[in-house]
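Before any comments, here is the structure.
The values are calculated or read from the model by the stated rules, or taken from the named source; none is laboratory data. Since the model is a prediction, treat every value here as computed from it, not as a measurement. Note that we place each Cβ from the backbone using ideal geometry, even for glycine, and neighbour counts take in every protein chain shown. Each accessible area value is taken on the protein alone, full model and side chains, heavy atoms only, with ligands, DNA and RNA left out. Shrake-Rupley method; radii C 1.70, N 1.55, O 1.52, S 1.80 Å.
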Amino acid sequence: MQLGRAEAEAIARSGMAALQAGRAAEARAAFQKVVDGGHRSAALWLLLAQACRLGGDEAAEARAVEQVLALEPRNLRALLMKGDAFGRAGDTRAATSFYQAALQAAAKAGPLPPGLQADLERAEALTRQAGSGYVAHLEAALARAGFGEESRGERLQEAVDILFQKKQVYFQQPSAFYFPRLPQIQFYDREAFAWAGAVEAATSAIRSELLAVLADEGAFSPYVEAEADRPHQDFHGMLGDPSWSAFYLWKDGDRVGDNAARCPETLAALEAAPITRIRTRCPSILFSLLRPGAHIPPHNGMLNTRLICHLPLIVPPGCWLRVGNERRAWEEGRLLIFDDSFEHEAMNGSDQPRVILLFDVWRPELSEEERRGVTAIFEAIDSFGAGPG
């Protein structure tokens, strides 16, 4: 029988009073009469679901909750009730999926009633508990299969860390030029490069040349400098900041004559390395100085066709480099080779300067033909619309 609006509201009010007083059967009958009378809003279905729950009829509660979610898929109370129902049935995975949906919806909903806030906090706690159980379950299963933490390779461990949300997924995101189909590798194994040993073997000679440069006050200049022919772009507040400074042997594809002449052993050690060469761009070979307490904020390099190489020369404790989801400490005389098109940052957490030799090499996956192609692209870019000279 179709109910008029006034009659339906009166019956609903009586049902709400019965619900608040704990009279489940009376409340359920009132709300059922209203929805049978043609008034089927999400709010009324939710009240009916709550009355069914109070009365212990889980099947009827579930049917009413489904009606709510059909009308309002992000109804917080209905999502929580659905999660609770699966939890009571022992289906933890389904329960947490509805709790997570409720928590995500609540994050966008603004201020919430105190009662609902308490239920969300309960759902959050149950989700954390389920997450811990999930991790323990998978770890035990992997150990039984012969893949305990001590038996995993680096890649499998990283996959597990990402699965457990201990690490996030990073991809190459160069700011200027993307070369497709290259492997997504953050740090490269230095042993894979035949030329690396010769560079590391020259660490002592390179450090000696560095120390002579450091004795010359004013030899280093800020790494981030303004360009006269471009609008000033303040890189994370570091424009002109000497806390990150450089002494260039090669800069933007040109040999810095006086500086290079001071460091012949350094340049000789790099002769076998496949240094990137693109006119007006590469190579850049420099001593990079990070002063005490300095932090290079997260950023991405311009292109993914090169690898950045760090030969640590002066490294006090508390210094680190993060590339993607992996953070490493520099070790004096031991190369770090990485793809700077991944988000990366660096920190000197000590009270002493940190200095490395920095240079870039072609990625080993690029053929000679592809290297020539990349070079041609950038030389064409740089020649477009350029002024005289």
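List pairs: first in the range 176-203 and β-branched (Val, Ile, Thr), second part of a loop (DSSP other than H, G, I, E, B) and open to solvent by 40 Å² or more (accessible area, probe 1.4 Å), Cβ under 8 Å, 6+ apart or cross-chain?
So the pair list comes out as 203/332.
Working only within the range 249-281, note down all residues that are assigned to a strand (DSSP E or B) and either open to solvent by 30 Å² or more (accessible area, probe 1.4 Å) or among the acidic types (Asp, Glu) (or both).
Within the range 249-281, 250, 251, 254, 255 qualify.
Residue pairs, Cβ under 6 Å, 6 or more apart or interchain, first in the range 43-60 and among the β-branched types (Val, Ile, Thr), second surrounded by fewer than 22 Cβ atoms within 10 Å (Cβ to Cβ). List them.
none
Every residue in the range 119-150 that is surrounded by 12 or more Cβ atoms within 10 Å (Cβ to Cβ) and not in a helix (DSSP H, G or I), please.
Matches in the range 119-150: 147, 148.
Does at least one position in the range 30-38 carry a residue that is under 24 Å from residue 96 (Cα atoms), crowded, with 17+ Cβ neighbours inside 10 Å and of a type in the set (S, T, N, Q)?
Residues of the range 30-38 under 24 Å from residue 96 (Cα atoms): none.
Among the residues of the range 30-38, not one is under 24 Å from residue 96 (Cα atoms), crowded, with 17+ Cβ neighbours inside 10 Å and of a type in the set (S, T, N, Q), which makes the answer no.
Quick one: in the range 8-25, of everything that is touching a residue at least 12 places away in the same chain (Cβ under 8 Å) and open to solvent by 30 Å² or more (accessible area, probe 1.4 Å), which residue is nearest to residue 52 (Cα to Cα)? Please lay out each step first, then the result.
From the range 8-25, those touching a residue at least 12 places away in the same chain (Cβ under 8 Å) are 8, 11-12, 14-16, 18-19, 22, 24-25; that's our starting set.
Adding the requirement that they be open to solvent by 30 Å² or more (accessible area, probe 1.4 Å) leaves 14, 16, 19, 22, 25.
Numbers: 14: 16, 16: 13, 19: 10, 22: 11, 25: 8 Å.
Going through the qualifying residues, I end up with 25.
As an exercise: evaluate residue 82 against (1) under 28 Å from the mean Cα position of the chain (by Cα); (2) in a helix (DSSP H, G or I) and give the number of the one condition it does not meet.
With (1) under 28 Å from the mean Cα position of the chain (by Cα); (2) in a helix (DSSP H, G or I) applied to residue 82, the lone miss is (1).
Could you tell me how many of the residues in the range 42-61 are open to solvent by less than 60 Å² (accessible area, probe 1.4 Å) and part of a helix (DSSP H, G or I)?
Residues flagged as open to solvent by less than 60 Å² (accessible area, probe 1.4 Å) and part of a helix (DSSP H, G or I) within the range 42-61 amount to 13.
For the range 323-333, does any single residue satisfy the condition of being of a type in the set (Val, Ile, Thr), open to solvent by less than 60 Å² (accessible area, probe 1.4 Å) and closer than 16 Å to residue 284 by Cβ?
Just the residues of the range 323-333 that are of a type in the set (Val, Ile, Thr), to begin with: 323.
After this cut, where a residue has to be open to solvent by less than 60 Å² (accessible area, probe 1.4 Å) as well, the list is 323.
Next, only the ones that are closer than 16 Å to residue 284 by Cβ stay: none.
The answer is no; no qualifying residue exists.
Quick check: anything in the range 89-97 more than 26 Å from the chain's Cα centre (by Cα) and of a type in the set (Ser, Thr, Tyr)?
First pass over the range 89-97, keeping only residues more than 26 Å from the chain's Cα centre (by Cα): 89-92, 94-95.
This time we only want the ones that are of a type in the set (Ser, Thr, Tyr), so: 92.
The answer is yes, given that some residue of the range 89-97 is more than 26 Å from the chain's Cα centre (by Cα) and of a type in the set (Ser, Thr, Tyr).
Would you check if residue 279 is among the basic types (Lys, Arg) and at pLDDT below 95? Working first, answer last.
Working: among the basic types (Lys, Arg): yes; at pLDDT below 95: yes.
Judged against the criteria, residue 279 is a match.
If a residue must be outside any loop (DSSP other than H, G, I, E, B) and under 30 Å from residue 374 (Cα atoms), how many such residues does the range 156-193 contain? Please lay out each step first, then the result.
Here is the first cut: in the range 156-193, the residues outside any loop (DSSP other than H, G, I, E, B) are 156-163, 177, 187-188, 190-192.
Within this subset, residues satisfying the condition of being under 30 Å from residue 374 (Cα atoms) are 177, 187-188, 190-192.
Looking only at that region, the number is 6.
Enumerate the pairs (first residue in the range 98-118 and under 15 Å from residue 83 (Cα atoms) and in a helix (DSSP H, G or I); second residue anywhere and open to solvent by 50 Å² or more (accessible area, probe 1.4 Å) and not β-branched (Val, Ile, Thr)) with beta-carbon separation below 8 Å, excluding pairs fewer than 6 apart on the same chain, so at least 6 apart or on different chains.
98/86; 99/124; 99/126; 101/74; 103/124; 105/74; 116/77
Does the range 292-301 contain at least one residue that is touching a Leu at 6+ places or on another chain (Cβ under 7 Å) and either among the hydroxyl-bearing types (Ser, Thr, Tyr) or open to solvent by 50 Å² or more (accessible area, probe 1.4 Å) (or both)?
no
Among the residues of the range 196-235 satisfying the criterion of being surrounded by fewer than 11 Cβ atoms within 10 Å (Cβ to Cβ) and of a type in the set (A, V, I, L, M), which is modelled with the lowest pLDDT?
My answer is 228.
Within the range 62-79, how many residues are assigned to a helix (DSSP H, G or I) and surrounded by fewer than 23 Cβ atoms within 10 Å (Cβ to Cβ)?
Filtering the range 62-79 down to residues assigned to a helix (DSSP H, G or I) leaves 62-71, 76-79.
From what is left, the residues that are surrounded by fewer than 23 Cβ atoms within 10 Å (Cβ to Cβ) are 62-63, 66-67, 69-71, 76-77.
Adding up the residues that qualify gives 9.
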